[in-house]
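Right, one structure below, let's go through it.
The values are calculated or read from the model by the stated rules, or taken from the named source; none is laboratory data. None of the values given here were measured: they were computed from a predicted structure. Positions of Cβ are backbone-derived with ideal geometry, glycine not excepted, and every protein chain shown enters the neighbour counts. The protein model used for the area step is the full one, side chains on, heavy atoms only, and it has no ligands, DNA or RNA in it. Shrake-Rupley method; radii C 1.70, N 1.55, O 1.52, S 1.80 Å.
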Amino acid sequence: MKCCCVIGGTGFIGSFVVRALLKKGRKVVVVARNETPTRLLPPGVVYVPGDFGDKYFLQGILRGADEIIDLAYATVPKTSYDNPVQDILENLPPLVNLLNVASKFSLKKILLVSSGGVIYGHTDKTPIDEEQSTNPISPYGITKLSAEKYARMFHVTQDLPIVCVRPGNAYGETQRPFIGQGFIATAIASILTGLTLNLYGESGTIRDYIHVEDVACGIIAALFKGKPGDVYNIGSGEGRSNRDILNSLSPLAQAEGLSIRLNTLPMRKFDVPVNVLDCSKLKGETGWKAQISFNDGIRRTWDWFCRNKSLIK
């Protein structure tokens, strides 16, 4: 049985990746910094707390691994603007250390989770394929792109079998609201708690929203069948504005006797107006495609938050 080490496996996307790996018959080791898991892990998963910026710790956990999925990231777009230097220091050194240590082992595959939502920046065509130029306009996106470049360097110079994926805007059950990332979770949580939601621009930005379960399956597809040295988008291929999201949530809110409190503000300079991903490369090479429709996904997400109001904070 192959063993997959999932760094950051207790996060929002990571928790779904872990379950998807188990369904594929993988032994799973989850690595995170907290002494105890921040999310309940399925039976059979091994949890190892530690600092993955420490090369000796990494040598220990990689000794029995066949594959690595790296989802670890210490910041979100908002915090990267607040402190761009810290964004670099918290993310790049641990990643480069991981790649350096991994290059000493005979791993079958390493998968780095990047970002399709911020890495392209302003583009002259939609949907965006992997050949589009990358000109991120946020510190978060620049650091993500730098991580990809380091991965590429280790692939070329050390034959590291690494694949990068660029997911769109993941949403779904268990996503944390109010962290400067995840408009759908924040919108739902705001409605349920009676808070006012900020909308930047009359309709907001247009994004490629994809259910987290489909993102996890896309990550597994790239791990199993992706070509080392390549990069793959993971998205729905459909664009929806913030206003579209609110229009989808409105009847769900009304059914519960709730309303949407909205504060419309001017557009922000650092927001890319449109970001929709072309995922034909991943589909063509692995057979993956998104399975959960937006209507089903938004309903599942709403219902989960309704059942778990006490967790909103």
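A few points about this structure:
- Hits in the stretch 146-159 - residues which are part of a helix (DSSP H, G or I) and either open to solvent by 30 Å² or more (accessible area, probe 1.4 Å) or of a type in the set (D, E, K, R) (or both): S146, E148, K149, Y150, R152, M153, H155, V156, T157, Q158
- Just one residue in the set S280, S250, S259 is more than 30 Å from C3 (Cβ to Cβ), without any contact (Cβ under 8 Å) to a residue 40 or more places away in the chain and polar (S, T, N, Q); that residue is S250.
- Every test in (1) among the polar types (S, T, N, Q); (2) open to solvent by less than 60 Å² (accessible area, probe 1.4 Å); (3) more than 22 Å from the chain's Cα centre (by Cα) is passed by N247 save one, and that test is (2).
- Put simply, of G64, G116 the only residue that is of a type outside the set (D, E) and surrounded by 18 or more Cβ atoms within 10 Å (Cβ to Cβ) is G116.
- Filtering L199, L258 for residues that are open to solvent by less than 40 Å² (accessible area, probe 1.4 Å) and either over 19 Å from the mean Cα position of the chain (by Cα) or at pLDDT below 95 (or both) leaves a single hit, L199.
- Subset tally (residues that are surrounded by 20 or more Cβ atoms within 10 Å (Cβ to Cβ) and over 20 Å from the mean Cα position of the chain (by Cα)) for the stretch 102-113: 1
- When the criteria are applied in full, V17 fails the requirement of being over 25 Å from I119 (Cβ atoms) and crowded, with 21+ Cβ neighbours inside 10 Å.
So that you can scan it fast, the table gives a plain yes or no per residue for (1) of a type in the set (F, W, Y); (2) under 15 Å from L71 (Cα atoms):
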site	(1), (2)
I13	no, yes
V17	no, yes
R26	no, no
T36	no, no
L41	no, no
F52	yes, yes
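- One residue alone among E213, E238 is open to solvent by 10 Å² or more (accessible area, probe 1.4 Å), in a helix (DSSP H, G or I) and in contact (Cβ under 8 Å) with a residue 12 or more places away in the chain, and that residue is E213.
- Residues that are within 16 Å of Y232 (Cβ to Cβ), hydrophobic (A, V, I, L, M, F, W, C) and open to solvent by 20 Å² or more (accessible area, probe 1.4 Å) within the stretch 119-145 comprise just one, L145.
- Which numbered condition I188 misses (of (1) open to solvent by 10 Å² or more (accessible area, probe 1.4 Å); (2) in contact with a helix residue (DSSP H, G or I) (Cβ under 6 Å, 6 or more places away or on another chain); (3) assigned to a helix (DSSP H, G or I)): (1)
- Any pair with Cβ under 8 angstrom, 6 or more apart, that starts in the stretch 50-66 at a residue that is farther than 12 Å from K104 by Cα and ends at one that is open to solvent by 60 Å² or more (accessible area, probe 1.4 Å): G50/R33; D51/R33; F52/R33; G53/P93; F57/D51; D66/K2; D66/K108
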